[in-house]
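What follows draws every value from the coordinates through simple rules; no lab data is involved. Since the structure is predicted, the reported quantities are computational estimates derived from the model, not experimental observations. Cβ placement follows ideal geometry from the backbone for every residue including glycine, while neighbour counts extend to all protein chains displayed.
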Amino acid sequence: MKMNRLQEAFTKGQSAAEYWGVMESRLGNQAGRILIKRPAKSFDDDAFRGWLMFIRAYGDATGIGNCAACHRMPDFTDQARHNIGTAKAPIETPTLRDLHSRKSFFHDGSAKTLEEAIARHVENGRVARDNKRAGVEIAVGQIALTENEVRQVAAFLRSLESVDRAKFREYLVDVVTQPVELEFSD
């Protein structure tokens, strides 16, 4: 984000939808041009697409992760409690940094893979939309991802490692350019 001069964190009081609007506008101005730089190592095309879905808060198809509604940049948590349909009581939003080293996911370890955890969020979103399940927050009901998009969001999440300044400098030096496409599945 820093290397592309994109908004790195939410501003005070900014919603996930407002953040996506800013990013969509900025990226939309670059659509069709190869202007986005990304680290050559650890952040491939799938991770880039996953990042777009992670921050996408609205739309009329899939590709909507709405993840940033609770997992706000730069720490990827809002440190608040939410009912996402996976526990009897609201649970605190965990950080998403350094997930590549985890062996299980969710508060109870019930998801064995990152893809399984994301797919459960997607299913809870579908149930919340279709059945208006009481207690599940509206942000969950906005999640709409295909199986391939789940895989791409997982690729992005695996790239969220904590790095020191030296490692960050390496990422800045070894970059590739990424075409910007804001098209999502139907």
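Structural remarks
- Fully extended contour minus Cα-Cα distance, from Ser162 to Gln79, at 0.36 nm per residue: 28.1 nm
- Against the main long axis of the alpha-carbon atoms of the chain, helix 45-55 sits at an angle near 50°.
- Modelled label reach - Ser15, point 7 Å along Cα→Cβ, the range 36-59 residues with backbone N closer than 13 Å: 57-59
- Within the range 144-161: backbone nitrogen closer than 16 Å to the Asp130 label point (7 Å, Cα to C-beta): 144-147
- Helix 147-158 and the longest principal axis of the Cα set of the chain meet at an angle near 70°.
- For the chain: rounded, prolate or oblate by the Cα gyration tensor [a/c cutoff 1.5]: prolate
- Highest-MSF residue in the chain out of Arg158, Arg72, Arg102 [GNM, Cα springs under 10 Å]: Arg102
- Using just its DSSP H runs of length 4 or more, each adding -39500 (n - 2.57), the chain gives a mean residue ellipticity at 222 nm of -11000 deg cm²/dmol after division by all residues.
- Calculated FRET efficiency for the pair Ala40/Ser104, C-beta based, R₀ 30 Å, to 0.05: 0.45
- Comparing Asn29, Asn83, Asn124 in a Gaussian network model of the chain (Cα springs below 10 Å), the most mobile by mean-square fluctuation is Asn29.
- Prolate/oblate/rounded label for the range 72-120 (Cα gyration tensor, a/c 1.5): oblate
- Crossing angle, helix 114-131 versus the chain [Cα axis fit, 0-90 degrees, rounded to tens]: 50 degrees
- Relative contact order computed over the chain (Cα-Cα under 8 Å; 6+ residues apart), in percent: 33 percent
- For the range 76-171: rounded, prolate or oblate by the Cα gyration tensor [a/c cutoff 1.5]: prolate
- With the charge dipole of the chain set up from +1 on Lys and Arg Cβ and -1 on Asp and Glu Cβ about the Cα centre, the Cα lying farthest toward the positive end among the listed residues Cys70, Phe48, Leu145 is that of Cys70.
- Choice from Ile118, Ile36, Ile64 showing the highest fluctuation, given a GNM over the chain with Cα pairs closer than 10 Å: Ile36
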